[in-house]
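Taking it in order: structure first as structure tokens, then the write-up.
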Amino acid sequence: MSKTDNQLAACPVVVGINVDVAAIDVQEAGSAGLFGRYSYGRYGARVGIWRLLDALAENEAKATFFVMPSEIGKHPHVLQAMLDGGHEVAVRGYVRARAGEPETLDQLGRDRETLQRLTGNAPRGWRAANGLVTQATLPALAALGYAYDSSAQDDDAPYVMGSGGAVLVELPVFDYLTDAKFYTHRHTDVRVARAWAEEADAQYCAGGYVNLTLHTRGDVGSSRLPRVRMVADFLRDLAQRPGVAFYRAGDLAQAWRAAHSVVEPFPTMPKPQI
């Protein structure tokens, strides 16, 4: 059962789904424009996303879909299906296109405005498409009005950070609860299911939380027929545990902030000595 109030469950669960139709393939298709490359992302939009939506509905679980605003605007039927299902739609974006290029923090604001125009509501959260942020990213997100980020892997539970009145909740992710980390290396569905179950059980027993990260792609994602069945089974088994509740990422960030008064400074990192 999904929760939308500020009362924290003993074991909060977030299902964060990274949506990619063509944006990543555009970068990886090469100068030859290899058309077949686009089939991986297209698979999700054609059939995969709909299967994931069915799996979520089957388990009465609300998820957060992280989308690239410029791309999802080209697929309004996909966006509408997410909204009709009661799911949260958040921003998935880049701080910079390539390492070494100037920071593009202004894109954070443009993405937020674009998604607000498409959905009618300002998105509450952001996730780095490539997992990379700079020291200036998190304060910029907070200043722009984002409520949370879900890109880091620096804790086992959410935490609150801020400066000068601008506050941001971090909802950390975990490699062992991410599909692409396994499927990129051609692990079998059975091995992935076992790893997820072990990690979720460990988090549950240790008093942590579960942040399951899925992708809609057909190659390294969870939307293919046998894999989405595995997702549904995982969610069903998890929901049967006492104290477990599903949250949209924005709802968990709100509940976590309400329950935790300690606000730590935004993280800093010394400049590398070269």
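Of the residues V14, V21, V26, which single one is buried (at least 23 other Cβ atoms within 10 Å of the Cβ), at pLDDT below 95 and under 26 Å from L132 (Cβ atoms)? So that I can check it myself, show each step before the final result.
Details: V14 fails: at pLDDT below 95; V26 fails: buried (at least 23 other Cβ atoms within 10 Å of the Cβ).
That would be V21, the only listed residue that is buried (at least 23 other Cβ atoms within 10 Å of the Cβ), at pLDDT below 95 and under 26 Å from L132 (Cβ atoms).
Consider D251 carefully, then state whether it is among the acidic types (D, E), out of contact with any strand residue (DSSP E or B) (no Cβ under 9 Å at 6 or more places or on another chain), assigned to a helix (DSSP H, G or I) and surrounded by 10 or more Cβ atoms within 10 Å (Cβ to Cβ). Can you show your working first?
Working: among the acidic types (D, E): yes; out of contact with any strand residue (DSSP E or B) (no Cβ under 9 Å at 6 or more places or on another chain): no; assigned to a helix (DSSP H, G or I): yes; surrounded by 10 or more Cβ atoms within 10 Å (Cβ to Cβ): yes.
No.
From the list A195, A232, A202, exactly one residue is within 20 Å of L56 (Cβ to Cβ) and in a helix (DSSP H, G or I). Which is it?
Values: A195 fails: within 20 Å of L56 (Cβ to Cβ); A202 fails: within 20 Å of L56 (Cβ to Cβ).
None of the other options fit; the residue is A232.
Just the residues that are farther than 24 Å from R257 by Cα, hydrophobic (A, V, I, L, M, F, W, C), buried (at least 18 other Cβ atoms within 10 Å of the Cβ) and in contact (Cβ under 8 Å) with a residue 24 or more places away in the chain, please, taken from the range 169-192. Before the answer, list the steps.
Going through the range 169-192, the residues farther than 24 Å from R257 by Cα turn out to be 175-176, 178-192.
Still in the running and hydrophobic (A, V, I, L, M, F, W, C): 180, 182, 190, 192.
Those left that are additionally buried (at least 18 other Cβ atoms within 10 Å of the Cβ): 182, 192.
Hit for the range 169-192 is V192, nothing else.
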Condition test on T134, is it outside any strand (DSSP E or B), out of contact with any helix residue (DSSP H, G or I) (no Cβ under 7 Å at 6 or more places or on another chain) and either among the β-branched types (V, I, T) or crowded, with 22+ Cβ neighbours inside 10 Å (or both)? yes
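May I ask you to list the residues in the range 235-248 that are of a type in the set (G, A, S) and in a helix (DSSP H, G or I)? Lay out the reasoning, then the answer.
So in the range 235-248, the residues of a type in the set (G, A, S) come out as 239, 243, 245.
Across the range 235-248, the qualifying residue is only A239.
Pick from A99, A32, A90, A9: which is surrounded by 14 or more Cβ atoms within 10 Å (Cβ to Cβ) and either part of a loop (DSSP other than H, G, I, E, B) or at pLDDT below 95 (or both)?
Every option except A9 fails the conditions.
Quick grid of which residues meet (1) open to solvent by less than 10 Å² (accessible area, probe 1.4 Å); (2) small (G, A, S); (3) touching a Cys at 6+ places or on another chain (Cβ under 6 Å):
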residue	(1), (2), (3)
G48	yes, yes, no
L52	yes, no, no
E58	no, no, no
A61	yes, yes, no
T64	yes, no, no
H77	no, no, no
G85	no, yes, no
Please pick out the residue among A157, A206, A166 that is under 19 Å from the mean Cα position of the chain (by Cα), of a type in the set (G, A, S), open to solvent by 10 Å² or more (accessible area, probe 1.4 Å) and over 18 Å from G131 (Cβ atoms). A157
Looking at R248, is it modelled with pLDDT of 95 or more, out of contact with any Lys or Arg (no Cβ under 8 Å at 6 or more places or on another chain) and among the basic types (K, R)? no
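Identify the residue in the range 35-60 that is of a type in the set (D, E, K, R) and over 20 Å from the mean Cα position of the chain (by Cα) and, among all such residues, is modelled with the lowest pLDDT. Steps first, answer last, please.
Taking the range 35-60 and keeping what is of a type in the set (D, E, K, R), we get 37, 42, 46, 51, 54, 58, 60.
Among the residues that remain, those that are also over 20 Å from the mean Cα position of the chain (by Cα) are: 37, 46, 58.
On the way: R37: 61, R46: 92, E58: 97.
Filtering the range 35-60 for residues that are of a type in the set (D, E, K, R) and over 20 Å from the mean Cα position of the chain (by Cα), the one modelled with the lowest pLDDT comes out as R37.
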If a residue must be buried (at least 16 other Cβ atoms within 10 Å of the Cβ), of a type in the set (K, R) and part of a helix (DSSP H, G or I), how many such residues does the range 213-229 contain? 1
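The values are calculated or read from the model by the stated rules, or taken from the named source; none is laboratory data. The structure presented is a predicted model; accordingly, all values stated were derived computationally and were not measured. With ideal geometry, Cβ positions are generated from the backbone for all residues, glycine too; neighbour counts draw on all protein chains shown. The area values use the complete protein model at the heavy-atom level, side chains included, leaving out ligands, DNA and RNA. Shrake-Rupley method; radii C 1.70, N 1.55, O 1.52, S 1.80 Å.
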